[in-house]
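J.: Structure in structure tokens, see below.
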Amino acid sequence: MEIEVLEGVFDANEMIAKENRRILDEAGSFMVNLMASPGAGKTSVILKTLEGVSGRLKGAVIEGDIAGKVDSERIAETGVPAIQINTGGSCHLEARQVNSALSRMELEGVDLVIVENVGNLVCPAEFKLGEDLKVMILSVAEGDDKPLKYPLMFSKSDVLLINKIDLIPHTDFDMGRLKETLRKMNAGARIFELSCRTGEGVSAWTDWLEDRVRSAGA
Ligand SMILES: Nc1nc2c(ncn2[C@@H]2O[C@H](COP(=O)(O)OP(=O)(O)OP(=O)(O)O)[C@@H](O)[C@H]2O)c(=O)[nH]1
Ligand SMILES: [Mg+2]
């Protein structure tokens, strides 16, 4: 019975995710679903990414948080439109919330919509939003064993951004071990190592993303 109820929730979500996909396709916009644990650097990565593509891609952001509007204010300060969604306790975004944000957004001319999902390494992986790309961040301070403990998000993501590499000397993070673990569960995932603090590795990620956005539009 419980399984049937859950399937119903996922089916309903998937229908709205397809509608989001249609809206984005019609507008010619590419959408990234950015997932990570609290504090891994989602908002920092969004700011660096928008800076990296600025002048070439027009961006917009949907910010998902349980409460508050700190992150959407950080984005809006840069002049990029940002819509805040407060889930009121729920640990992930659902397609209907993104649908509501998309309907309030001026999508005309927007090439790239980045959705910052709620900080959580579990639930966001279960809900499709209609995105083109699932991107997740692991910051080095969280440890290289995380794929073994939270396999769903690591196995479903198209891209893994390993953030805060400037902190590696202060941790026991083993990059080789992390990559080996990930290859076993998601051989196709693209991996970028970067630091939002120093800027190292950021352009490799933003150049790759820009290519993906352009080839999706072509
Ligand atoms: N040293 C270091 N700190 C970083 C880096 N990227 C982000 N931070 C810091 O990490 C903290 C959290 O960054 P955020 O970008 O707010 O993380 P978030 O994932 O958006 O956090 P929530 O939205 O609260 O889940 C901030 O103090 C950032 O300055 C990095 O590459 N290196
Ligand atoms: Mg944030």
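J.: Taking a cut-off of 14 Å, what percent of all Cα-Cα pairs in the range 167-218 are separated by more than that?
T.: Looking at the range 167-218, the distances longer than 14 Å represent 67 percent of pairs.
J.: For a quick check, take a GNM of the chain with Cα springs below 10 Å and name the residue from E108, E200, E14 with the largest mean-square fluctuation.
T.: Of the options given, E108 has the highest mean-square fluctuation.
J.: Can you give the direction-averaged projected area of the convex hull of the alpha-carbon atoms in the chain, in nm²?
T.: Dividing the Cα hull surface by four gives the mean projection, 12.1 nm².
J.: Along the principal axes of its C-alpha atoms, what lengths does the range 35-156 span, in descending order and rounded to whole Å?
T.: 41, 29, 26
J.: What ³J(HN,Hα) values, in whole Hz, does the Karplus curve 6.51 cos²θ - 1.76 cosθ + 1.60 give for the range 83-95 when θ = phi - 60°, with x put for Gly and Pro?
T.: Rounded to whole hertz, the list is 10, 9, 10, 9, 7, x, x, 6, 8, 7, 8, 10, 4.
J.: Any idea what diffusion coefficient the range 91-218 gets from Stokes-Einstein, in µm²/s, Kirkwood Rh on alpha carbon pairs, 25 °C, 0.890 mPa s?
T.: 154 µm²/s
J.: Using the Karplus equation 6.51 cos²θ - 1.76 cosθ + 1.60 (θ = phi - 60°), what ³J(HN,Hα) coupling, rounded to whole Hz, does each residue of the range 140-157 give in order, writing x for Gly and Pro?
T.: Each residue's phi maps through the Karplus curve to give 5, 5, 6, x, 7, 8, 4, x, 6, 9, 10, x, 4, 5, 5, 7, 8, 7 Hz.
J.: So, one more: How big is the gap, in Å, between the Cα center of the range 23-88 and the Cα center of the range 171-187?
T.: What the calculation gives is 27 Å, centre to centre.
J.: Can you work out the Karplus-derived ³J(HN,Hα) for every residue in the range 167-183? Use 6.51 cos²θ - 1.76 cosθ + 1.60 with θ = phi - 60°, whole Hz, and x for glycine or proline.
T.: 8, 3, x, 9, 10, 9, 4, 10, 4, x, 5, 4, 5, 5, 4, 5, 4
J.: Right, something else. Using the count of nearby Cβ atoms within 10 Å as a rough guide to exposure, how do K179, K42 rank from fewest to most?
T.: Fewest-to-most ranking of K179, K42: K179, K42.
J.: Please find, in a Gaussian network model of the chain (springs between Cα atoms separated by less than 10 Å), the residue of N186, N20, N163 whose mean-square fluctuation is greatest.
T.: Among N186, N20, N163, the largest mean-square fluctuation in the Gaussian network model of the chain belongs to N186.
J.: Arrange S139, S72, S90 by Cβ neighbour counts within 10 Å, fewest through most, would you?
T.: Final ranking by Cβ density, sparse to dense: S90, S72, S139.
J.: Follow-up. Tell me which lysines have Cα within less than 23 Å of K164's Cα, excluding those fewer than 8 residues away on the same chain?
T.: Correct list for K164: K42, K48, K134, K146, K149, K156, K179.
J.: In what sequence do M136, M105 fall when counting other Cβ within 10 Å, fewest first?
T.: M105, M136
J.: Would you look at the GNM of the chain, springs on alpha carbons closer than 10 Å, and say which of V135, V159, V53 moves the most?
T.: In this elastic network of the chain, the residue with the biggest mean-square fluctuation among V135, V159, V53 is V53.
J.: Would you mind putting 167-173, 6-12 in packing order, based on average other-beta-carbon counts within 10 Å, highest first?
T.: 167-173, 6-12
J.: Once amide H atoms are placed 1.01 Å from N in the peptide plane, what residues at a sequence separation of 5 or more from E193, or on another chain, have their amide H within under 5 Å of its amide H?
T.: I162
Every read-out reported here was derived from the displayed coordinates using simple, explicitly stated rules and does not represent laboratory data. Keep in mind that this is a model prediction, so the values were computed, not measured. Using ideal geometry, Cβ is built from the backbone for each residue, glycine included, and neighbour counts are taken over all protein chains shown.
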